[in-house]
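Just so you know, all these numbers are worked out from the coordinates, no wet-lab data involved. Computed from a prediction, not measured in an experiment: that's the story for all the values here. When we count neighbours, we look across all protein chains shown, and the Cβ atoms used for this are built from the backbone with ideal geometry, even at glycine.
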C-alpha cells in the first residue's frame, strides 16, 4: 500500500482556477502543502481538450497564476500551445517548493475516493485538511461534449477542433452555436479564405459582445469607470445598454437586432467587421435535429441546396460558461471555487486563496465574497456587475493592497492615476442597492 500523501489542500481540478488557487497558497504560505489532481494527463484543465487555434479572449496579462507572467506584451492573447506550455512551467515551478504534488489521470468518484485512472482504479490516499473543488464552474468544450440535437441522414458533424485537420473543402459550412466558440469557428473559416457566402451561422439568440480594445491597460480605468457610472445613473436597462454601446464598450453583430443574451464574449472592431461579412445568419432557434441537408428547429426547418456530402456542420454548442447555482465558497473542510468578479474566474480563485490564508472563520469569509454566477441574459449582466463591485469593495477591506500587487487583478494594471480616476468615479457613483437595481430592470 503506497504511503498516504499529506496535504493542507487537496485541489480537485488541474485547470486555471485550481492552479491559481494552489499558486497563491504556496507563495503566500511558507508551510502549506498542496496536492492537485486532474483526470487529464497534463496540467491545464480544459485547455488540453480545446481546439488548436483557440486563443484567450482577454489579455494574457490577467490570466494564469500570480507568480508567473503569461504572454509577451499587454495585448498578447496567447494560443492553446502557449497556455499548455505555461502550465507545464508553472507545475515545475510549484514542485520546486517541495510542497506541491500534481497527480495526473486521477479522479475523485461519487463516493469521494481518489482513484488512478491509468492504474486500473487503484485508490490513492490523500490526507488533506481541506478539499478544494476547482471543477464546480463546469467548463465544457465541444470535443468532449455530445451535441444535444439528433443527427441522421449521413450528415457530417464535427467539433470545432476538426477544422484544423480538414483534408478537403466543403461547399457549405454550417457553424452551430453563437458563443465564443462559434465566433472562433466563423473567424477561422474567414481567415482561411472561405467565402462568407459559403458560411451559415446558426444563432439561436444574438448576444452583446464586450469590446476587447477597452480591456487593455490603457483604457481599463475608463472602461470600468464608464460601466460604474452607467449602472448608477441609467433609468432603465435599455438605456444602460444603449449608453454602453454608444461609448463603444458593448458591441452587437447587427444594428437591427436587439441582443437578448450576454455571455462575456469579447471581440474587437476588426473581428466584428469580419463577422458582419457573413450574410447567412440563421435565427430560427435551437437546432433539434440534423438530417442530411436539413436543419430542423423546434418550429421550423431549413434545407440547404448543397448535397449532404458537401455540407460540414461544425458543432460549437458546448456551454463553456455554464450558469451554476451559487453555493457557499467555504463550508467546513470544503472550498468550492467560484467567480467573485463577473467572468474573472482565475483572479477569483487567487483572491479566495488569499482570503483563506488571512481569515479562519467561514462565516466571515463568506460574508466578504459572494459568488457571482456567469451571466446569460442582460439582466444578469447588471446583477453580476453589482455583486462584482460589492465584492471588489470588500476585497480592499479584507485583503488590503492585495489587488494592487496581484497581476491577475485589473486594478494592478491601471497605474496610479488610472486607479485615482476610477476611484473618483466610483465615489461619485455608488454601487446601486437592490431596490435601485430592480427599478432599473423593471423599467425595461
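Here are a few things to note about the model shown:
- Between the stretch 301-323 and the stretch 406-444, the Cα center-to-center distance that results, in Å: 40
- Simple spin-label estimate for residue 166 and residue 74 gives 3.7 nm between the two label positions (7 Å along the Cα-to-Cβ direction from each Cα).
- Kirkwood Rh and Cα Rg combined as Rg/Rh, the stretch 177-278: 1.00
- The relative contact order of the chain, computed from alpha carbon pairs under 8 Å that lie at least 6 residues apart in sequence, is 20 percent.
- Over the chain, DSSP H runs of length four or greater, each weighted -39,500 (n - 2.57), average out per residue to a 222 nm ellipticity of -10000 deg cm²/dmol.
- When the chain is treated as a Gaussian network with alpha carbon springs shorter than 10 Å, the biggest mean-square fluctuation among 206, 138, 367 belongs to 367.
- Between residue 272 and residue 252, full extension at 0.36 nm per residue minus the direct alpha carbon distance yields a gain of 6.4 nm.
- Using the Cβ-Cβ distance between residue 291 and residue 110 with R0 = 51 Å, the FRET efficiency computed as 1/(1 + (r/R0)^6) comes to roughly 0.90.
- Label-to-label distance, residue 157 versus residue 198, with points set 7 angstrom from Cα along the beta-carbon direction: 2.3 nm.
- Here the stretch 400-444 is scanned for amide nitrogen atoms under 15 Å from the site 7 Å beyond the Cα of residue 390 along Cα-to-Cβ, giving 430-439.
- Mean-position separation - Cα centroids, the stretch 7-45 and the stretch 221-298, in angstrom: 36
- Selected from 396, 388, 406 as most flexible by GNM, with the chain as the system and alpha-carbon contacts under 10 Å: 396
- Inter-label distance, residue 31 to residue 119: 2.9 nm, where each label sits 7 Å from its Cα along the C-beta direction.
- Our estimate of slack between residue 41 and residue 322, defined as 0.36 nm per intervening residue step minus the Cα-Cα distance, is 98.7 nm.
- Legend: translational diffusion of the stretch 40-156 by Stokes-Einstein, Rh = Kirkwood radius over C-alpha pairs, 20 °C, 1.002 mPa s; D = 126 µm²/s.
- GNM top mover of 345, 150, 58 - the chain, alpha-carbon springs below 10 Å: 150
- Subtracting the Cα-Cα distance of residue 138 and residue 88 from 0.36 nm times their residue separation leaves 15.8 nm of extension gain.
- What the Cβ-Cβ distance of residue 420 and residue 357 gives, at R0 = 30 Å and to the nearest 0.05, is a FRET efficiency of 0.55.
- Among beta bridges identified by DSSP and lying wholly in the chain, the antiparallel ones come to about 30 percent.
- Rounded to 0.05, the FRET efficiency of the residue 370 and residue 442 pair, given R0 = 22 Å and the Cβ-Cβ distance, is 0.50.
- Listed candidates [x] 53; [y] 45; [z] 38 - label of the one calculated as percent of Cα pairs over 31 Å apart: [y]
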